[in-house]
Amino acid sequence: MNITVRKWGSCLAIKLPDIFAKEVNIHQGSRLDLLKVKDMLLLKPCTRKITLKKMLSNINENNIHSEIATGKVVGNEFF
C-alpha cells in the first residue's frame with residue numbers, strides 16, 4: 001500500500017489505514033515503538049511499560065536541572 005507523508009505542525013506524519021491498525025490491535029492512544037532497521041522504519045506496538053523508577057534512573061548530573069524559583073511564599077506553606 002502506498003501512503004503519503006504529510007506535515008503536522010513541525011513534524012511529519014502518516015495516516016495508518018484502519019485495516020492495518022485493527023490487525024495489530026492499535027487504536028487511538030496506543031503507544032508505538034519506532035525503530036530504524038537498516039534503511040527502513042518499523043512501527044510496532046509498545047510492549048513495555050514505562051515506570052517512574054525507569055524514568056528516574058535516566059537522571060544524572062549532566063541532565064538534572066537546578067532548583068526553580070516559584071515566587072515568594074504568600075500563605076502558610078511549610079518549607
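Give me the net charge of Ser30's neighbourhood, meaning all other residues with Cβ under 14 Å from the Cβ of Ser30; Lys, Arg count +1, Asp, Glu -1.
In short, +2.
Under a 5 Å amide H to amide H cut-off, with H placed in plane at 1.01 Å, what residues pair with Leu32 once short-range neighbours are removed?
Long-range HN contacts for Leu32: Cys46.
Please compare each pair in Lys7/Lys54; Lys15/Lys49; Lys15/Lys36 to a cut-off of 27 Å on the Cα-Cα distance and tell me which ones are over it.
Lys7/Lys54
Rg/Rh for segment 1-67: what does it come to with C-alpha atoms and Rh from Kirkwood?
Value, to two decimals: 1.08.
From the phi of every residue in segment 14-30, what ³J(HN,Hα) in whole Hz does the Karplus formula 6.51 cos²θ - 1.76 cosθ + 1.60 yield, where θ is phi - 60° and glycine or proline is x?
Whole-Hz 3J(HN,Hα) from phi for segment 14-30: 10, 9, 8, x, 3, 4, 6, 4, 5, 4, 10, 6, 9, 9, 4, x, 5.
Note down the nm distance, to one decimal, between modelled labels 7 Å out along Cα→Cβ at Cys46 and at Ser10.
The answer from the label model is 2.1 nm.
Modelled label-to-label distance, Val37 and Asn58, 7 Å Cα→beta-carbon offset: nm?
Going from the Val37 label point to the Asn58 one covers 2.3 nm.
Among 45-55, 13-23, what's the highest-first ranking by average C-beta atoms within 10 angstrom per residue?
The densest-packed peptide leads the list: 13-23, 45-55.
Laboratory data are not the source of any read-out in this text; all were calculated from the coordinates shown. In this text the structure is predicted, and so the values were computed from the model without any measurement. Glycine also receives a Cβ, built like all others from the backbone with ideal geometry; neighbour counts cover every protein chain displayed.
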